[in-house]
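The structure appears below as C-alpha cells.
The values are calculated or read from the model by the stated rules, or taken from the named source; none is laboratory data. Keep in mind that this is a model prediction, so the values were computed, not measured. So basically every Cβ, Gly included, is an ideal-geometry build from the backbone, and we count neighbours across all protein chains shown. Areas reflect the complete protein model, heavy atoms only, side chains present, ligands, DNA and RNA absent. Shrake-Rupley method; radii C 1.70, N 1.55, O 1.52, S 1.80 Å.
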Amino acid sequence: MPDRARMRQVLSHLETYLNDSLLPFWIERSPDPGYGGFLTYFDRHGRPTGETTKTFLMQIRMLYTMSSTHRYGYGSGRCGELARIGAEFIMEHYWDAEHDGWFWIADRTGTPTVRAKIGYGQCFAMYAFSEYYMATGDERGRAAAERTYAAVCQHMADTRHGGYYEIMQPDWQPERPGRFGGDRKSMDVHMHMMEALTNMVEMTGHPSHRRRLLETIDLLIHRMLRPENGTGYIQFALDFTPLPAILFDVEWGRDKPPEDGQARPLEYTSYGHNVEFAWLLLHAADILGRPRSDYAPVVRPIFDHCVAYGLDHEYGGVFVEGPYNAPPTLTEKQFWQQAEVMIGFLDAYALFGDETYWRAFENVYRFVFDRFVVMEAGGEWYERVDRFGNPVDDALGHAWKISYHTVRCIVQCIRRLRRLVGEG
C-alpha cells in the first residue's frame, strides 16, 4: 500500500497551499466593494482584467466556495462574511419575482441582461444556498434553497419522460429546438441536480427531497450511462435517446469548441465528468445513509475507464474528453477535470484498496502542481494547458472559471487524506 508518510506529506502540502495561497487568492481579489457580489476575471498574473459582467454561475459558485470553506473551518470567519455578502447580492438581483427562478446573467450592478432560465443555474442555487445555510445558520439561505426547489419541481420537471428540462425562456417555456437547446437534456445538469438534492437532503432530511434524489440517481445510472463500461453520454433527446452533443446558442462557458464546430460524436465521453459523477454518487450514498459498497458496481468501471483512457501515463494529468472505447484525439488538459479526478481517485482508493487509484491520484496531483498551479500569481490554476503542460488558455479566473472546482478539490482531498491517515 502507499507509504503513510507520503500521504501525510501530500496532506501537509495541500493544507499549507489552501490556507496560505489558494483561498487567500479569492478572499483578497474577488469581492466587489463597489456593488457587492464578486468579480472573478483574472489574467495569468492574477491581475483583474477589467471585465465586470456578473454571470449567475460565477456569483452562485462563489457563494458555494465561501460557504463550504467557512463550514469546514477555513478563513477565520472571513469566508463566512463574504458568503453573506454574496448571498445578499444574489437574492437582491437575480430572483425573478414574476415567474420564479434565477436569471442567467447581469451587469456589474446586478441589472439582469440575460433573463433566461437555465437549469444548470437553478441546480447550483439549491446547492449553494443549502450549503450557505448549513455553514452559517442564516435562515435566508434555507428559504432561498427551498424556494428554488419549489420552482424546479413546478417548472423544470418533465412529467412525461422524467428528469428535467434545461434551457428555458424567462417564463419557463422550453427554448426553441436545435441550437437553442429546448429539445435537449444532458448528463451534466442531471448530475448537478443530484449534487443539489444531496445537499437538500442533508439540510432538511425531508422525505420529498430524499425521494427526488433517489429518482435522479436512478435516472442517471439507468438512462445516462453506457451499460458496457459505465461512461456517460453527454446529451440526449427529451426521452433520453443519446444524441451527438451540440453547442447551445445561450452564453454558457469557455470550453474549446468541438473540432467540427457543431457536435461531439456520440461515442465521446468526458473522463473528468464521469469521475465527478462517481464521487458525487458516493457522497450521496453517505447522506442517504447507504453503504458506499451499494454503488461500487456503478463507480468502479468509471474509475477504471478514466485510468485506462483518460489518464496521461506519459506526461501526467487527465485529458479533456475522447471516445469511450479508444484513446483521445484531443490531448489538451483543462483545470476542472484535474480537480474532479483528484477527489475521485482518493475515493476509489479508499473504497477498493487498489494501489492503481493512489498512483492515478499521484499522477494528476504532480501534474497539477507542476503545470497548472501558478504560485507566483497567487496559487490559482491555468484554465487549460497542452499535453505537455504549456498554457493554452492562461486565465486564472473568468465568468465561468471560479474558485468552485479548485478550492473544492483541495478541501475535499484534505478531508479524504485525513481519513486515510487516521486523522478524521
Subject >> Surface per residue (accessible, 1.4 Å probe) for the chain, Å² >> reply: 37 Å²
Subject >> Bins of 20 Å from zero: percent of alpha-carbon pairs in the chain >> reply: 27, 64, 9
Subject >> 25 °C / 0.890 mPa s Stokes-Einstein diffusion coefficient of segment 1-146, Kirkwood radius on C-alpha pairs, µm²/s >> reply: 152 µm²/s
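Leaving out ligands, DNA and RNA, and with a 1.4 Å probe, what % of the accessible surface on segment 232-387 is carbon or sulfur? Could the numbers behind the result be given before it?
On the way: 2800 of 5760 Å².
Carbon and sulfur atoms account for 49 percent of the accessible area of segment 232-387.
Checking the a/c ratio against 1.5 first, then a/b against b/c, what shape does the Cα gyration tensor give for segment 307-421?
Oblate is the answer for segment 307-421, as a/c is 1.5 or above yet b/c matches or exceeds a/b.
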**OP:** Name the aspartates and glutamates eligible as straight-distance cross-link partners of LYS54: C-alpha to C-alpha under 13 Å, and not fewer than 8 places from it in the same chain.
**Re:** ASP32, ASP107, GLU251
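What net charge do the residues around GLY289 carry, taking every other residue with its C-beta under 13 Å from that of GLY289, with Lys and Arg at +1 and Asp and Glu at -1?
Details: positive: ARG210, ARG290, ARG292; negative: GLU202, ASP286, ASP294.
Neighbour charge sum, excluding GLY289 itself: 0.
Rounded to a whole number, what is D in µm²/s for segment 157-238 from Stokes-Einstein with the Kirkwood radius over alpha-carbon pairs (4 °C, 1.567 mPa s)?
Estimated via Stokes-Einstein, D reaches 95 µm²/s.
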**OP:** Divide, for segment 35-79, the radius of gyration over alpha carbons by 2.2 N^0.38 Å, where N is the residue count.
**Re:** 1.30
**OP:** Could you work out the relative contact order of the chain, using alpha carbon pairs under 8 angstrom and six or more residues apart, expressed as a whole percent?
**Re:** 17 percent
Original post:
Relative contact order for segment 235-389: what is it in percent, counting Cα pairs under 8 Å that are at least 6 residues apart?
Top reply: 20 percent
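Just the number, please: carbon plus sulfur as a percent of the accessible area of segment 150-216, 1.4 Å probe, no ligands or DNA/RNA counted.
Answer for segment 150-216: carbon and sulfur cover 45 percent of the accessible area.
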Original post:
In a Debye calculation with equal point scatterers on the alpha-carbon sites of segment 7-67 and no solvent, what is log10 I(q)/I(0) at q = 0.15, 0.26 Å⁻¹?
Top reply: -0.54, -1.14
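Based only on Cα atoms, what Rg/Rh ratio does segment 113-166 have, Rh being taken as Kirkwood's radius? Display every interim value, and only then the final one.
On the way: Rg = 12.3 Å, Rh = 11.8 Å.
Rg divided by Rh gives 1.05.
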Subject >> With every protein chain in place, segment 1-141: carbon and sulfur % of accessible area (1.4 Å) >> reply: 45 percent
Original post:
Can you give the translational diffusion coefficient of segment 206-347 in µm²/s, computed by Stokes-Einstein from the Kirkwood radius over Cα pairs at 20 °C and 1.002 mPa s?
Top reply: 134 µm²/s
